[in-house]
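First the structure, in the form of structure tokens, and then the observations on it.
The values are calculated or read from the model by the stated rules, or taken from the named source; none is laboratory data. These figures come from a predicted structure and were not determined experimentally. Don't worry about glycine lacking a Cβ; one is built from the backbone with ideal geometry, like all the others, and counts go over all protein chains shown.
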Amino acid sequence: MIKLPFYLLIVSVLLFLTSCNTSSSKIDKTTESIFVPKPLSSFDIVLAGSVPETFDTDIVELDAFETTKTRVTQLHEAGKKVFAYLSVGSWEPYRPDSADFPSEIIGETYPGWEDEKFLNIQAIDKLAPIIRKRFDMIAQKGFDGIEADNIDSYTEDADDQNGTGFALSLSDTKRFVDFLISEAHARGLSIGQKNAPELLEAYGVLFDWALLEDPFYEKYAEIFRLYPQQNRAVFAISYTDHIDTAYFRETICPVAKTLRFTALLKNRNLDAPKTVCPK
């Protein structure tokens, strides 16, 4: 889910560009076995509707809870890497562990997703046992990586709006992201940066790949070119409610190719249909 501000200060980008070549020493991988996808790796994500039996991509992303260990094994046997989708910034009442979340860390309703509510990511001490248990499940099922969704809830509290109910800040998010990256890597799992361009300067060398929603429509794709420059993949999803197939192929694909992004066009509910760029 994308909740992006429309401003990206040029000075922040320039500072990051200056620092990117001197920051590689910050990369903290606890094991050499962590899978870091390369630029232009083919990718698909299916989180709704019927999940196909087979995929024609290098990497597949599926729901962490609904996908079984057997299914992950089958995909591995077919030569695929498998990422787990997991919302870390919102409370979903339909998840089997939803009752584990203390009521005091469940906040306001997530706009556009009326069955979800914001989580107080400031309360890492209360969230940590639940997230660790979830990451353990993901590792035990054999997934290769995690898409940690909804790390950008701080944008809902910008300009004192307090849309989350917790007055979250970018600093709160950075502390939370530090925890997430450490816990994923400790289990031999890669973890992707989901949107949140304000995190690039500090975390562009710490995440293992990036997954972006509508980056061309929202005009923030260009700054993520630093991932391919460091030989790591960017998966850029455009949505059919903003962009049609012709525009995707004729306008977005050439730019994505130049940036060395893996671009695909999907329905917003992320069901099976997809359009990819011509080779």
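One line per residue, one yes/no per condition, for (1) in contact with a strand residue (DSSP E or B) (Cβ under 7 Å, 6 or more places away or on another chain); (2) over 20 Å from Q229 (Cβ atoms); (3) outside any helix (DSSP H, G or I); (4) modelled with pLDDT of 95 or more:
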| residue | (1), (2), (3), (4) |
| --- | --- |
| N21 | no, no, no, no |
| S25 | no, no, no, no |
| T31 | no, yes, yes, no |
| L75 | yes, yes, no, yes |
| Y85 | yes, yes, yes, yes |
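Starting from residues that are crowded, with 17+ Cβ neighbours inside 10 Å and of a type in the set (A, V, I, L, M), keep the ones in region 140-169 and report whichever is nearest to the chain's Cα centre (by Cα).
A148
Does T173 satisfy being surrounded by 13 or more Cβ atoms within 10 Å (Cβ to Cβ), part of a helix (DSSP H, G or I), of a type in the set (S, T, N, Q) and modelled with pLDDT of 95 or more? Quick ask: steps written out before the conclusion?
Working: surrounded by 13 or more Cβ atoms within 10 Å (Cβ to Cβ): yes; part of a helix (DSSP H, G or I): yes; of a type in the set (S, T, N, Q): yes; modelled with pLDDT of 95 or more: yes.
Taking the combined requirement at face value, the residue satisfies it.
For (1) modelled with pLDDT of 95 or more; (2) part of a strand (DSSP E or B); (3) touching a strand residue (DSSP E or B) at 6+ places or on another chain (Cβ under 6 Å); (4) more than 30 Å from A158 (Cα to Cα), each residue gets a yes or a no:
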site: V13; (1), (2), (3), (4): no, no, no, no
site: I34; (1), (2), (3), (4): yes, no, yes, yes
site: A48; (1), (2), (3), (4): yes, no, no, yes
site: L62; (1), (2), (3), (4): yes, yes, no, yes
site: V82; (1), (2), (3), (4): yes, yes, yes, yes
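Taking the condition of being modelled with pLDDT under 95 and among the basic types (K, R), how many residues in region 225-279 meet it?
Number satisfying all stated conditions: 1.
Considering only region 219-231, state which residues are assigned to a loop (DSSP other than H, G, I, E, B) and buried (at least 18 other Cβ atoms within 10 Å of the Cβ). Can you show your working first?
So the first thing to find is which residues in region 219-231 are assigned to a loop (DSSP other than H, G, I, E, B), and the list is 219-221, 230-231.
Passing the criteria: Y220, A221.
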